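Coordinate-derived values only; no laboratory data. Computed from a predicted structure; not experimentally measured. In this analysis, Cβ positions are derived from the backbone assuming ideal geometry, glycine residues included, and neighbour counts consider all displayed protein chains.
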Amino acid sequence: MADLRVNTAGISSPNPFWLASAPPTNTGDQIKRAFDAGWGGAVWKTLGEPIVNTWSRYSAVDLNGQKIMGLNNIELITDRPLHVNLREITEVKKQYPKHAVVVSLMVESKREAWHTIVKQAEDAGADGLELNFGCPHGMSERGMGAAVGQVPDYTCQITTWVKEVARTPVLVKLTPNITDVRYAARAAFNGGADGVSLINTINSITGIDLDTFAPRPTVAGKSSHGGYCGPAVKPIALNMVSAIATDPATAGKPISGIGGISTWRDAAEFILLGCTSVQVCTAVMHYGFRIVEDMIDGLSNYLDEKGLQTVYDLRGRSVERVRDWKELDLNYVVNASIDQDKCIGCGLCYTACNDGAHQAISAARADNGRTRVDVITDACVGCNLCSLVCPVNGCITMKQIPTDAGACSWEQHTGGTGKLAPRPQDKHFT
Ligand SMILES: Cc1cc2nc3c(=O)[nH]c(=O)nc-3n(C[C@H](O)[C@H](O)[C@H](O)COP(=O)(O)O)c2cc1C
């Protein structure tokens, strides 16, 4: 059996699955139940100055009957008294010495305030700290959260203050509400961070009630932009993780991946892009702590199947495959191929290709009265759209067409050192 133990920036945990700082980590009781269920670590709901939350605070986007493709919230940090959280951190740590108890922090941007909260969290028994520079609503209006994470100089400055007194590893949690996350990550590491975690939530308004005109979630007829998370944000998170993993200034540095993780497969993808641990919020808010059982089994079996002994054997293996567009092989040619035995004749591929892409699928009435679709090879540019819209798994696949021209990148092409193969998809331009 593969060894799932990991060490993220100096914080050890029995497996890479942590709860993200959010409602599932509100209380010591929840975190104990989560550890009993199998979670390897938990990032405590952000501690800071006393705040008050609105009552109505979550909203969601469903997709074709599937609930919570994306979750939005206007919740702030913990609204429980600091001394209660600190007492419970001590209790949890005592009972679960091998699990990772990371404490998320956010206070006003004053050196003394940060020094004080760091000491309190560490004295309570925190294994590590996570600086919340990502909360996109409420706290940012008060100069905290994303207001810090959006300015690299502030990120670096506050991380430096924290590192002046911290005895445990410090993760900086980054906001996705930024143009280029690499600057924020560099600033965090320049300030002495031991690792980064990302992403926090994405600015969003999930919808408007068409009868009352009130945006959701509605607080007495009004709303505020909130933070979006859940399955919908995973691609954005993966891209941001890969940006940091491929940046020469931060490559190889510890990353805790967050954003839309619900299954072991999601987790494996984050690990492949360089994460050591992953954090989960929405999936637990939706389905509860027990989802971790499948995550542990799934990742463990996957590593076994791949002949890998540890999470580190998987970590970062996709990083070198993320390249600039200009490095991609222009001689890589694929065409759509339709398995007529599987085709149900719905015609969706024809419509999508004809109206929305490259007019490379023909449709005709077959002898049996059904629609028969065929790929017009000379017009197909291998864009994948038909295979994406086809409702039958494995019916439309993309088949590689070998060329003998060898690989040719845009740089080689424009520099005159590479040869473009005569590509079937270019025929219709001539
Ligand atoms: C209701 C709610 C409250 C949250 N509160 C916090 C918080 O206090 N501190 C923090 O760093 N992140 C907070 N987050 C963000 C999550 O930790 C996480 O970064 C985000 O939800 C993305 O992960 P997910 O897609 O698994 O939900 C919160 C998220 C939600 C949905």
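Cβ crowding within 10 Å ranks ILE77, ILE68 as ILE68, ILE77, fewest other Cβ atoms first. Computed over every Cα-Cα pair of region 327-429 and binned at 10 Å starting from 0, the pair-distance distribution P(r) comes out as 15, 41, 27, 13, 4, 0 percent.
Most simply put, the chain has about 45% antiparallel DSSP beta bridges, counting only bridges with both residues inside it. Using the Cβ-Cβ distance between TYR183 and THR90 with R0 = 41 Å, the FRET efficiency computed as 1/(1 + (r/R0)^6) comes to roughly 0.65. If R0 equals 60 Å, the separation of the Cβ atoms of HIS286 and THR377 corresponds to a calculated FRET efficiency of about 0.85. Relative to its residue count, region 1-122 spans a Cα convex hull of 152 Å³ per residue. Site pair GLU411 and ASP329 shows an inter-label distance of 1.7 nm when each label is modelled 7 Å from Cα along Cα→Cβ.
Residue order for ASP194, ASP209, fewest other beta carbons within 10 angstrom first, comes to ASP209, ASP194. Size of the chain from its Cα atoms: along the principal axes, largest to smallest, the extents are 75, 57, 43 Å.
Between ALA214 and TYR58, what FRET efficiency comes out of the Förster formula 1/(1 + (r/R0)^6) with R0 = 25 Å and r the beta carbon distance, rounded to 0.05? Can you show the working numbers first?
Details: r = 15 Å, r/R0 = 0.60.
Rounded to the nearest 0.05, the efficiency is 0.95.
Extension gain, ASN393 to GLU108, is 97.4 nm, computed as 0.36 nm per intervening residue step minus the present C-alpha separation. Express as a percent, rounded to the nearest 5, the fraction of DSSP beta bridges in region 47-132 (both residues included) that run antiparallel. Looking only at bridges with both residues in region 47-132, the antiparallel portion is about 45 percent. How many angstrom lie between the Cα centre of region 1-64 and the Cα centre of region 364-428? Using only Cα atoms, the two centres lie 44 Å from each other. The modelled label-to-label distance between ASN190 and ALA251, using points 7 Å beyond Cα along the C-beta direction, is 2.0 nm. Roughly how tilted is helix 234-246, in degrees to the nearest 10 and between 0 and 90, from the longest Cα axis of the chain? Long axis of 234-246 versus the principal axis of the chain: about 80 degrees.
Remark: the LEU420-ARG317 segment gains 34.1 nm on full extension, using 0.36 nm per residue and subtracting the alpha carbon distance. Once the chain from ARG167 to LYS67 is taken as fully extended at 0.36 nm per residue, the excess over their C-alpha distance is 31.8 nm.
What separates the Cα centres of region 279-353 and region 206-227 is a distance of 35 Å. Each label point was placed 7 Å from the Cα along the Cα-to-Cβ direction; for CYS346 and ARG265 their separation is 1.8 nm. Descending by average beta-carbon neighbour count within 10 Å, the peptides 289-295, 354-360 line up as 289-295, 354-360, the highest first.
Applying the Karplus relation 6.51 cos²θ - 1.76 cosθ + 1.60 with θ = phi - 60° to region 262-273 yields 3J(HN,Hα) values of 10, 9, 5, 5, 4, 4, 4, 5, 5, 5, 4, 8 Hz, where x marks Gly and Pro.
Find the Cα radius of gyration of region 275-377, compare it with 2.2 N^0.38 Å by division, and give the number to two decimals. Intermediate results must be reported in sequence, preceding the final value.
Working: Rg = 22.0 Å, N = 103, 2.2 N^0.38 = 12.8 Å.
Ratio of Cα Rg to 2.2 N^0.38 Å: 1.72.
Taking other Cβ atoms within 10 Å as a rough exposure proxy, PHE270, PHE35 sort from fewest to most as PHE35, PHE270. Against the longest alpha carbon principal axis of the chain, how many degrees, from 0 to 90 and to the nearest 10, is the axis of helix 111-124 turned? Around 90 degrees separate the two axes.
I need the Debye-formula profile for region 252-314: one equal scatterer per C-alpha, no solvent, reported as log10 I(q)/I(0) at q = 0.14, 0.15, 0.21 1/Å, two decimals. Reported log10 I(q)/I(0), two decimals: -0.38, -0.44, -0.82.
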